[in-house]
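Right, one structure below, let's go through it.
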Amino acid sequence: MTESIRKYCNSLTRYSRYKTREVYIGEIPLGGNNPIRIQSMTTTDTMNTIATVEQSIRMIKAGCEYIRITAPSLNEAQNLQNIKNELRKRGYNAPLIADIHFTPNAAELAARIVEKVRVNPGNYVDKKKFQVIEYTDSEYESEIERIRERFTPLVKICKEYGTAMRIGTNHGSLSDRIMSRYGDTPLGMVESALEFLRICEDNSYHNIVLSMKASNPQVMVQAYRLLIQKMEAENMNYPLHLGVTEAGDGEDGRIKSALGIGTLLEDGIGDTIRVSLTEEPEYEAPVAISLANRYKGRENHKEIIPIEQFPIDPFTYQRRETFEVAGIGGSTVPKVIIDLSNEIINDHLALKIIGYSYDPITDKWNMGDQACDLLYMGNNDLPFDAPNNLKLLFDYKKWLSLEEKTKGFPLLSIDEYQSKGLLSFVLNLVQIKIENLSSKSFAELKNNPTVVFLLNTENPHGMAEQRRAFFEMTLREIKNPVILKRTYENIDEEHFRLYSSTDIGALLIDGMGDGVWLGAKESIGKNLNASFINRTSFGILQAARTRISKTEYIACPSCGRTLFDLVEVTNMIRNKTEHLKGVKIAIMGCIVNGPGEMADADYGYVGSGPGKITLYRGKEIVKRSINSENALDELINLIREDGKWVEMVEI
């Protein structure tokens, strides 16, 4: 299939920003030729004017250009005027955005006060009761007319007052009507927004921003790509607000956010960013700024050969077909390689940081859920026998010198592989770059049943270059497994985490890559040691949903609707459940996105009133309005009932 049929950006090989129309939000324009804008959302009670103003100021000082505030009812919408007045009085002119979900009358009031309103088409007019209803075409059209009647007044107010609007679809709050026709899909997300967008266009209102948020980065990325394709088909080019919703906190929240947002930024997509972390909102802006700043000057990268044929479907996931070599590729999960070639290893304790704990009494190794799969030793020896599950990699000359060559495997250049010397009959890891794909040497070793490729890049636009290499291998039916290698220079922990999540995650969510090898040279600040790199590698695989190694938390970032301290409660739940590999727990401060987002989780912990928690199994309520002091124990009991509880074991 040609690239034009699946077009969702300017180019997959030459970096450039996808051009959208310019939309003014107060005095700060968005889209067009403007830089990527940064925003976040307050977590205070909107009725507490001073607390909201002071938090907004902290957000502005951290780099936020727009401030979003929840307005769940008319009272909060009215108080936006007091908040705005106080901010202006203190000399802060950042545009304000009212966040609306179930209350059209609050949106209509807020649109007369603030510079922008956000509406969620899934619950602005429709209600979500998880009912499956079969609609005829005429019944469906009558539902659209009902939406038109209820939504048009807001459109006209925005048009009259010069107020911008974000039509923000959330994967977890698609209406029953959309779900019944399109299912829980990226297409359903897109169509949900387009129904509202067409009503705006019919009223000649174009001051609009769009978003397609999901807690699953893969769904989020596919929805934005599909939205662009659908907009172009209808001659639309509205600016895009990027975000992964309910990303969580700490390193997991940053990895998941970077994976989703960064994947789109790599292709020039996105006009404003909100990183949703279960932390204070002023901590979100620096992460968003780091992601956006990476693309300043990116257009000057080394040229990549353009794509004439598009061998994958960017709107659905399908893993690249490979054969298995020594447990790598095929249907196996992606592997993690860690480099200890520069470390001094004296005893068994050296492997504890990469997931292996040795018991000298039993002379046995215990393997953690995040134990790496391959260990690169370079020219060094391991002074004891490696755990059975751990494969050792050596530089080729070192491997040749081993008396027992079955105790490790060689890492070779293409030239070394072609030297006609001794090779492993099980696994040979051969280093390649994109330019090697056209060489005669490469043609002679492709599809060799013992060869796994280690694909590296030094291109500033490295993800696109590696993706181009995968496309070439797919078109030429080369089915060797491929390990993704990225090395970063002069970098600190935060940027290493964000950049690697983008570069590796963007390929994984499109089905490319059978393993990851991350490295750092001349790190800044804290030493980027093997433990950190190992943890980051597994975090990326988890966020991409390609290898589950720990509990996953789908936690909202808090706002004025939140009914408990999200940071405190999330940490409390994590302390008791973080050993439950593969279990997904949603922690929601209120009901707005709770049930929908929990359709992607095993269990849900949702604020349903002051001091009250409702527990869900998937999207079904199990226990309603229980006291918060008993809620965690009740959640654990629920997990026990389902046979998913295991006792925590120290590794």
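Quick notes on this structure:
- Residues of the range 557-571 satisfying the condition of being hydrophobic (A, V, I, L, M, F, W, C), within 10 Å of T43 (Cβ to Cβ) and either assigned to a loop (DSSP other than H, G, I, E, B) or at pLDDT below 70 (or both): C559
- Selection status of Y283, in a helix (DSSP H, G or I) and either touching a Cys at 6+ places or on another chain (Cβ under 9 Å) or of a type in the set (F, W, Y) (or both): yes
- Cβ-Cβ distances below 7 Å connect the following pairs, each with a first residue in the range 212-237 that is without any contact (Cβ under 8 Å) to a residue 60 or more places away in the chain, a second residue that is among the β-branched types (V, I, T) and part of a helix (DSSP H, G or I), and a separation of six or more residues or different chains: M212/V190; A223/V190; L227/V190; K230/V190.
- Of all the criteria given as (1) in contact (Cβ under 8 Å) with a residue 12 or more places away in the chain; (2) more than 30 Å from E458 (Cα to Cα); (3) surrounded by fewer than 17 Cβ atoms within 10 Å (Cβ to Cβ), the one not satisfied by P387 is (3).
- Scanning the range 472-503 for residues that are basic (K, R) and at pLDDT below 95 yields a total of 1.
- Some residue of the range 71-81 being within 31 Å of the chain's Cα centre (by Cα), of a type in the set (A, V, I, L, M), surrounded by 23 or more Cβ atoms within 10 Å (Cβ to Cβ) and closer than 26 Å to H206 by Cβ: yes
- Any hit, the range 395-405, residues being on the phi > 0 side of the Ramachandran plot and either part of a loop (DSSP other than H, G, I, E, B) or buried (at least 19 other Cβ atoms within 10 Å of the Cβ) (or both): no
- Odd one out for G525 among (1) buried (at least 22 other Cβ atoms within 10 Å of the Cβ); (2) at pLDDT below 85; (3) more than 23 Å from the chain's Cα centre (by Cα): (1)
- Residue among P306, P360, P286 that is under 23 Å from R225 (Cα atoms), in contact with a helix residue (DSSP H, G or I) (Cβ under 9 Å, 6 or more places away or on another chain) and surrounded by fewer than 16 Cβ atoms within 10 Å (Cβ to Cβ): P306
- Subset of the range 319-378 [over 29 Å from the mean Cα position of the chain (by Cα) and among the aromatic types (F, W, Y)]: Y358, W365
- First in the range 407-420 and closer than 21 Å to I337 by Cα and surrounded by fewer than 16 Cβ atoms within 10 Å (Cβ to Cβ), second anywhere and of a type outside the set (D, E, K, R) and modelled with pLDDT under 95, Cβ under 7 Å, 6 or more apart: none
- Qualifying positions in the range 324-354 - assigned to a loop (DSSP other than H, G, I, E, B), touching a Pro at 6+ places or on another chain (Cβ under 9 Å) and crowded, with 21+ Cβ neighbours inside 10 Å: G329
- Scanning the range 526-547 for residues that are over 15 Å from A258 (Cβ atoms), in contact with a helix residue (DSSP H, G or I) (Cβ under 6 Å, 6 or more places away or on another chain) and assigned to a helix (DSSP H, G or I) returns A530, S531, N534.
- Candidate set: the range 170-189, residues that are touching a Phe, Trp or Tyr at 6+ places or on another chain (Cβ under 9 Å) and closer than 26 Å to A110 by Cβ; chosen: the one modelled with the highest pLDDT: M189
- Search result, residues across the range 233-242 that are at pLDDT below 95 and crowded, with 24+ Cβ neighbours inside 10 Å: none
- Selection over the range 37-72 of residues that are over 16 Å from H101 (Cα atoms) and part of a strand (DSSP E or B) gives a count of 6.
The values are calculated or read from the model by the stated rules, or taken from the named source; none is laboratory data. A quick note: this is a predicted structure, and the numbers were derived from the prediction, not measured. All Cβ positions, even for glycine, are placed from backbone atoms using ideal geometry, and neighbour counts span all protein chains on display.
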